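Please read the structure below before turning to the comments.
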Amino acid sequence: MRLGQTSIIHFVSRLLASALGFVATIAIARILGSDSLGIYYLIISMVSWLGIAVTMGVRGAVTKRISDSEDEAAYAIAGGTVSTGLFLVMSAVVLIFQQQVNDYIGYSAAEVVILFLFVNLAQSIVNAVLNGQHLVHISGALTPVRIGTRSIVQITALLAGVGITGLFIGYAVGYLLVAVVGLWIIIRNLTEISFPRRKHYRDLFSYAKYSWLGSLRSRAFNWVDIAVLGFFVSSSIIGVYTAAWNIAVFLMLFGGSLSQTLFPEMSSISAEDDPQSVAGLFETALAYAGLILIPGLVGGILLGEHLLRVYGDEFTQGAAVLSVLIVATLIQGYQRQFTTTLNAIDRPDIAFRINAIFIVANVILNVGLIPSYGIIGAAVATASSVAISLGVAYTYLSSLIDFSIPTGDIARQWTAAGVMGAAVYLSLWLESAYLNVSNNTALVLTLVTVGAAVYFLVLFGISPRFRTTVTDNLPSSRLLADR
């Protein structure tokens with residue numbers, strides 16, 4: 001019950017955060033257009049890639065070692081000092097090659113890249129420590145604060161006529177705010193302050209030397225396609241692609257919350273017992289990994305153009321891309337549970353191999369497909385590479401622990417999504433035949449609400465596991481448990 005409610009809190013927090021970010025992206029797209037949106041996301045893409053060299057797997061190592069040990073402060077300080085040193089080196093590199101950086105982005109952005117690197121580093125280390133302290137719900141709750149602050153500052157700046165500079169200011173303010181708040185919470189939860197010794201750095205390194213590729217894999221899933229697109233298509237087309245990508249990633253939130261919540265629990269159980277002891281939690285993760293993504297895929301296929309028209313008419317050309325990207329996120333939702341479990345049972349070496357396979361496949365496919373097929377090629381490359389890595393991950397994990405795929409639960413989710421799809425399709429037909437609603441945003445909100453209601457009501461009726469999970473995690477159930 002506690003894990004379920006922690007996952008829900010984390011998910012609702014990220015859902016609120018993404019909704020705020022979604023609204024802000026729409027405002028940016030409508031005020032500045034797809035060209036400025038493309039520049040903004042190219043900068044974030046570059047920061048994401050450079051951030052790998054700044055953290056080098058330190059974030060995952062800090063979370064793992066703190067969750068296993070009582071030397072919280074020592075590991076946190078060790079991780080912070082290592083990352084700060086790497087940040088200084090990377091900042092110098094950006095300044096040395098600032099002309100090349102500016103030419104690639106199409107905007108004078110070298111100083112902005114360094115600023116974004118710093119605020120990302122601060123927030124990343126703070127989140128790693130919070131997750132290691134089993135405060136996943138806190139780190140999740142800080143996400144909407146960050147995105148909400150960022151969005152408010154950005155929209156205010158845009159309305160004031162500041163232009164794209166307002167986007168940079170809002171981004172930095174949002175990250176710095178949650179880093180400070182998170183640091184305060186960490187200090188309050190420390191039992192004692194201890195400084196790191198050589199052992200702590202060695203422990204971090206022993207895990208980070210494998211887990212850094214996990215960070216690279218995450219960046220590859222989110223940014224390889226955009227980075228490669230930067231060499232072949234205009235920033236306007238990149239803006240269309242990132243709009244579709246934002247919708248697809250929105251659907252991944254619950255799976256991400258689930259894996260982040262379960263990781264410290266799996267890690268603790270595995271450290272105290274044998275790896276097989278985490279099989280039950282892993283099967284639970286698989287049962288719910290597609291809870292939002294499966295109906296999201298059905299809805300994305302039916303409502304793709306309507307969803308993208310919310311950004312503006314020029315974005316509707318990305319409808320087919322949106323469907324393929326949702327397929328990619330669905331596969332990723334399951335794959336993430338495999339690599340999370342491997343890391344939790346202290347096998348980052350295997351996760352390293354899986355991530356390496358994904359990255360190589362992703363880069364090769366993107367470089368091979370984008371020149372000929374543009375943004376649809378980028379989407380197909382992402383989906384194909386993550387499918388390859390899922391197959392490899394299944395092979396490796398099944399050789400280490402015994403588990404069963406909850407096919408019954410997954411099939412019920414597809415059944416409920418099918419009923420939902422029929423209801424949405426019928427609603428679309430009725431609207432086009434009799435109503436002709438002129439306000440696209442109102443139509444989208446209505447159809448999404450109808451679809452979600454039908455899906456969850458049907459699933460509640462046909463899935464005993466989902467029904468039990470819902471009833472067990474209602475506030476009234478929590479009160480009874482506490483008594």
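We did not get these values from a lab; they are worked out from the coordinates using the rules stated. Just so it is clear, the structure is predicted and the values come from calculations on it, not from any experiment. Quick reminder, even Gly has a Cβ in these numbers, built from the backbone with ideal geometry, and neighbours come from all protein chains shown.
Mark the label point 7 Å from the Cα of ASP35 along Cα→Cβ and return the residues of region 159-177 whose backbone N is within less than 16 Å of it.
Those under the cut-off are 163-165.
Given the Cα-Cα distance of THR407 and GLN317 and 0.36 nm per residue of separation, how much length would full extension add, in nm?
Separation in residues times 0.36 nm, less the Cα-Cα distance, equals 28.9 nm.
Where the centroid of each part is defined by its Cα atoms, how far is region 406-458 from region 127-158 in Å?
For region 406-458 versus region 127-158, the Cα centre distance is 31 Å.
To make sure I understand, if each residue's beta carbon is the centre and we count other beta carbons within 10 Å, what order do ASP103, ASP346, ASP402 fall in, fewest to most?
So the ranking, lowest neighbour count to highest, is ASP402, ASP103, ASP346.
Length gain on complete extension for the stretch ASN439 to VAL23, per 0.36 nm per residue less the alpha carbon to alpha carbon distance?
Extra length from ASN439 to VAL23 when fully extended: 148.1 nm.
Say R0 is 60 Å: what FRET efficiency, to the nearest 0.05, do ALA422 and PHE195 get from their beta-carbon distance?
After rounding, the FRET efficiency stands at 0.45.
When VAL145, VAL224 are ordered from fewest to most other Cβ atoms inside 10 Å of their Cβ, what list results?
VAL145, VAL224
Extension gain TRP49-PHE97, at 0.36 nm per residue separation less the Cα-Cα distance, in nm?
15.8 nm
In what sequence do TYR334, TYR373 fall when counting other Cβ within 10 Å, fewest first?
Values: TYR334 20, TYR373 13.
Taking fewest neighbouring Cβ atoms as first place, the list is TYR373, TYR334.
Hey, with R₀ at 41 Å, roughly what FRET efficiency would LEU457 and LEU159 work out to, going by the Cβ-Cβ distance, to 0.05?
Step by step, r from the Cβ atoms, then E = 0.55.
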